[in-house]
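Comments concern the structure below.
Readers should treat all values here as calculations from the given coordinates under stated rules, not as data from a laboratory. Because the structure is predicted, anything quoted here is derived from the model rather than measured. Here the Cβ positions follow ideal geometry from the backbone for every residue, glycine too, while neighbour counts run over all protein chains shown.
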Amino acid sequence: MKAIQITFDERLLAKLDSDEEVKREGRSAVIRRAVADYLRKKRRATIADAYRRAYGKQPAELDLAGWA
């Protein structure tokens, strides 16, 4: 792993450090997990948006019309 440096507001950092999960697993582990969750959600949203744009041009009902 690569060590990085980030800046936190003191109040936010105090809240983070007072969390039981952070005390148990460590600040870095919790932040890594939070960033991974953020990136996973962002990717899902990007994929969902791509589907909406694609099917917005041609609704799914038209794709299935020949199958009935």
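Values computed for the structure shown
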{"item": "Under Karplus coefficients 6.51, -1.76 and 1.60, residue-wise ³J(HN,Hα) of region 3-18 in Hz, glycine/proline x", "result": "7, 10, 10, 10, 10, 10, 4, 4, 5, 5, 5, 5, 5, 4, 5, 7"}
{"item": "Sorted peptide list for 26-38, 43-55, 3-15, criterion being average Cβ within 10 angstrom, highest first", "result": "26-38, 43-55, 3-15"}
